[in-house]
1. Take the alpha carbon gyration tensor of the stretch 20-124, find the square roots of its eigenvalues, order them as a ≥ b ≥ c, and report rounded if a/c is under 1.5; if not, report prolate when a/b exceeds b/c, else oblate.
2. Taking the Cα centre of the stretch 167-286 as origin, sum charge times position over the Cβ atoms of Lys and Arg (+1) and Asp and Glu (-1), and report the length of that vector in debye to the nearest 20.
3. Can you give me the distance in nm between label points at Asp234 and Val288, each placed 7 Å from the Cα along the Cα-to-Cβ direction?
4. Gaussian network model of the chain, Cα springs within a sub-10 Å range: biggest mean-square fluctuation belongs to which of Val54, Val237, Val115?
5. So if each residue of separation counts as 0.36 nm, and I subtract the Cα-Cα distance between Ile92 and Glu153, what length gain in nm does that give?
6. Hey, got the dipole for the stretch 80-239? About the Cα centre, +1 on K and R Cβ, -1 on D and E Cβ, debye to the nearest 20?
7. What accessible area per residue, rounded to a whole number of Å², is obtained for the stretch 178-301 using a probe radius of 1.4 Å?
8. Which of the cysteines found in the chain have nothing to pair with, since no other Cys Cβ lies under 4.7 Å from theirs?
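The values are calculated or read from the model by the stated rules, or taken from the named source; none is laboratory data. Computed from a prediction, not measured in an experiment: that's the story for all the values here. Here the Cβ positions follow ideal geometry from the backbone for every residue, glycine too, while neighbour counts run over all protein chains shown. Ligands, DNA and RNA are excluded from the accessible area calculation, which covers all protein heavy atoms including side chains. Shrake-Rupley method; radii C 1.70, N 1.55, O 1.52, S 1.80 Å.
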Amino acid sequence: MSLLPSLVFLLLLMVTMATAGPLCPAFYSQTCPHAEAIVRDVMRKAMAREPRSVASVMRFQFHDCFVNGCDASLLLDDTPSMLGEKLALSNINSLRSFEVVDEVKEALEKACPGVVSCADIIIMAARDAVALTGGPDWEVRLGRKDSLTASQEESSNIMPSPRTNATSLIDLFSKYNLSVKDLVALSGSHSIGKARCFSIMFRLYNQSGSGKPDPAIEPGFREKLDKLCPLNVDQNVTGDLDATAQLFDNQYFKDLVAGRGFLNSDQTLFTFPQTRKYVKLFSNDENVYFNAFVEGMLKLGELQSGQPGEIRTNCRKVNSQDVDV
């Protein structure tokens, strides 16, 4: 029997139990007082240039923090001795807009060289993506270090796929001390952005190996998806994750109640009893949803591995790569 599942569980436990340095909102108040304004300015410009980019950057917090904590390991490019996380199963051909983080880092390095970590940039940029698209704004806690390595294997083993059901998601989130309510609220990040046909082909044509579409899809919505993603489609074609894909609101939950969730991992939140009550709650009260989302993002942002780190000058590589040998 493989030891991999046990090792992954121990890794998750280490992340949730780690006690790295305390995070605080005023961490850069003396060393880089304009850090948050700089991040938001770059994010605003990125959104004007390509609206989808901010939704992409927001997802970095989930994909980074779930793997060894919030340490910007996600941003590291491959090296001859290390396979990074960008090409992990849940990231390849999915995560995008890494250049926006590069732009943020470049602006911060000009203002405050060697001060603001890439891990904190992800946290600030995710918050700004939500606020700039109509969602809540909140005070983020800062002071993270950047990892010295990354692991494609660990990312592939940990991150859920679009096929994941609610039971698996609940199990995963619980390993990080995130509740069922946190799971549903954080899934609302799909209020903005798009996803590929690749992620839903099985739902449309072979749900659970049945050779039939997912019965949870509302018939009219299924017809729309059939036109967007026919069997012979380029599976990189994208569709909106909810009916107001450029606005952060509670439409995502209203769509789930109506059977119009784009991804299987979204719609399962309404078909599963333990998560359904929160979907209904958030669909009926946007303020309650916003408060729960902020709470979930703050808890997610607290995940730290306790491993050694640094402040990278380039988010794509560790500082030692800049030293001639």
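1. Note, shape of the stretch 20-124 comes out oblate.
2. Dipole magnitude for the stretch 167-286 comes out near 240 debye.
3. 4.4 nm
4. Val237
5. Net length gain for the segment: 20.7 nm.
6. 420 debye
7. Spelled out: the 1.4 Å probe surface of the stretch 178-301, per residue, equals 43 Å².
8. So far as the 4.7 Å Cβ criterion goes, Cys24 stand without a partner in the chain.
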